[in-house]
Structures are given as structure tokens and as C-alpha cells.
1. Taking amide H positions as placed in the peptide plane 1.01 Å from N, state which residues far from V118 in sequence (5 or more) or on other chains have amide H under 5 Å from it.
2. Of T138, T15, how do they rank once you tally other Cβ atoms within 10 Å and put the fewest first?
3. Check each of the chymotrypsin sites (Phe, Trp or Tyr not before Pro) in the range 25-74 and keep only those in coil by DSSP with at most 11 other C-beta atoms within 10 angstrom; list them in order.
4. What's the magnitude of the charge dipole for the chain around its Cα centre, counting Lys and Arg as +1 and Asp and Glu as -1 at the beta-carbon? Answer in Debye, nearest 20.
5. Expressed as cubic angstrom per residue, what is the convex hull volume of the alpha carbon set of the range 5-130?
6. Put +1 on the Cβ of each Lys and Arg and -1 on the Cβ of each Asp and Glu in the range 31-91; which of L79, I33, G66 then has its Cα farthest toward the positive end of the dipole?
7. Using alpha carbons only, how many angstrom separate the centre of the range 284-349 from the centre of the range 187-259?
8. Could you give the angle, 0 to 90 degrees to the nearest 10, between helix 59-79's Cα long axis and the longest principal axis of the Cα atoms of the chain?
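Laboratory data are not the source of any read-out in this text; all were calculated from the coordinates shown. If you're wondering where the values come from, they're calculated on a predicted model, not measured in any experiment. Virtual Cβ from ideal backbone geometry, glycine too; neighbours counted across all protein chains shown.
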Amino acid sequence: MGAPIDIIQNWTEITADMVIDVRSPAEFLEDHIPCAINMPVLNNKERAEVGTIYKQRNAFQARRYGGALIAKNISEHILTRLGNMPVEFRPLFYCWRGGQRSASFARICSDIGWRTYVLEGGYKSYRRNILIALETQTPNIKPILISGPTGTGKTRLLHYIKKGGAQILDLEALANHRGSLLGLTPGETQPSQRYFETKLYQEIMQLDFNKPVFIEAESSKIGELQIPQTLFKIMKSAPLIEIAMSSQNRARFLIKEYLYLQSDPQALYKLFDAMIYRHGIKKTDYWRLLADTKNWQELASDLIDSHYDPAYKSSSMRKERPTDFILKLDTSDDNAFKNATSKILQKYN
């Protein structure tokens, strides 16, 4: 007689020792419960093979072959990753719909003697709850936008505001993109749209809705990721703080912020190539020449004049928007950001 298997509707309603996502690595990469560990009962190749057998032969042969693979993989997980778990171990399993894959793993763990949980409806149920929460909870946020042209240090200011004890929502960090031409660090990737929304949901649910939340003004997309419509709507009507800084200081700031690109010219050239459709070959070749000759100040200044500022002036976040107040930074050093933070927190105490 094994330990009980409990079917739960919400993964947060119990305290499990481990949340185990039994879907394939590809499914897990697309999106998952943030604390989950991937222990696939079918890897990407095996899942595709089972699907092919189902389509080309019949359901029975697909289940027979899939069942053998699932049993083998579950055995491997139990002997390795779960090999040292005590009798008190309490795992929670989920798969795509809360069906055969999670039930198979849970049943064996129950027979071992571990009290086991299965998420009813699986990932699909979890995803549905995320979307509902984003739709219903996001309007409770009281956003204040930090705006300003590229190079004014909006993200740095946002982090100083957080150090000052206020709430922030760092959308660029969640999207792993700095929201500009040079926004994606070479060698890195953005999360999927779904996992971006999962991380955003986590951040929103930790906010105190009675207090303001400072958010950097963004366009509707950060890199390849779309800001959920409900959030973008309230951002467009939020109070706006405009950060102002001279073009010369902005260029200096960009040089410091994107220092890593100076040692990786190929990554920089790829970014320029991606902008040919907007600025033409002549302009992007000029940027390439400035990079080749290490004329970083002129490159930063020309990017500001030719690319960043025109895009900023046409931004939907600035159209027909009253500015709460303009905050001028004379320099881009730490003291300037500390002083700006004090003024902001004093105004929005």
C-alpha cells in the first residue's frame, strides 16, 4: 500500500519539497513554474517518436512504446536525482494537462512511500491562471513612469529608487533586454513570451498595490517580447517623470554602459547590420568605421542623433502626455543619481 496521491488545483496551496515538471526539455524551456525542476519522462526526441508512431500507426503501439520509455526514464530519475530523498519527501508533479506523464511518475513515487501531489490540469491550468491574474491584478498597480531619451540612465535610476525603499518593476531585466539597438548582450537570449509573462506575474503579485510602482517607460515591445496589453494600457496613462541630460553626457554614459561591446566588434557589427533596413548601408557603414577606429564618443553621439532621439520623439509613450516634472541630471555619476532619487522619493512619498 503506497502513500496517498493528492490532486491539487493550485500549486501554491501546498508546501511541496520539490516541484517536478515531467514534460520534455523543449516544453520546459518555453515556460514552467519558476521553482520547478525538469525531470522529463520523455525527452524531445522520444516525444517526437511517440507522436510519429501515433500518427503513422496507431494509438496502442504509441502507448506501448511510450510507456516503455517513460518507465525507463522515471527509473533513471529515481535512482539518480531522487536517490537520496528521505521517506518524508513530498514531490509535486505536473505535465501538460495533468495526465498520463505526471500520473505515471506520481504513482511510482507513491508506491515507494512518498506522499505525492499532482497538479490538476497540469501546465495548461497553471498558464490559464497566470493569464487571468495578469488581466485582473495588473490594473491594481499605481505606476509612475521614468522617461527620458537613451543615455539618461533610466535603468540605473530605477535601481537607485529601489535602494531607496520604493517599489519598482524592472521590465528590461525580466525581458533580458535593454530595450534599444544595443539592448541584447552578445551570446544571450531573451526568454520566451510565456516565461516573460510568468516572471512578470511573479513580480506583480509581490507588489503592495497601495504604494506607487516605478517603471521605466517602454515601447510596447522590449526586444522581441510584447508587454501584456493590460500593463501597457495603464503605463500609457501613468504620471511621467522626464529625465534630462546633455547629449555629451549621454554619449559618455552610453560608452560606459556598453563597454563590453568595445571588445566584441563582431557583435557590434551584427547589431548595425540589423539596422540597415531603417538607416541604410551608408549610415551603418559609417558606424562600422567609427567602431573600427575606436572613435567611441563620435559613435555614441551619432547613434543618439540619428537613431535614439528620433525614435524617442515618436514614441507612443510620449504622444499627448503631460510630464509630471522634469529632472535634470548635470552629470552621469553616482551622486547625480542619488540626488535625483531623493527628489523623486520626496515628491512621491
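1. D6, I7, I8, F93
2. Starting with the residue having the fewest Cβ neighbours, the order is T15, T138.
3. When the chymotrypsin sites (Phe, Trp or Tyr not before Pro) of the range 25-74 are filtered for loop state and at most 11 Cβ neighbours within 10 Å, nothing remains.
4. Taking the Cα centre of the chain as origin, the dipole is about 580 debye.
5. Dividing the Cα hull volume of the range 5-130 by its residue count gives 102 Å³.
6. It is G66, whose Cα lies furthest towards the positive end.
7. 15 Å
8. 80 degrees
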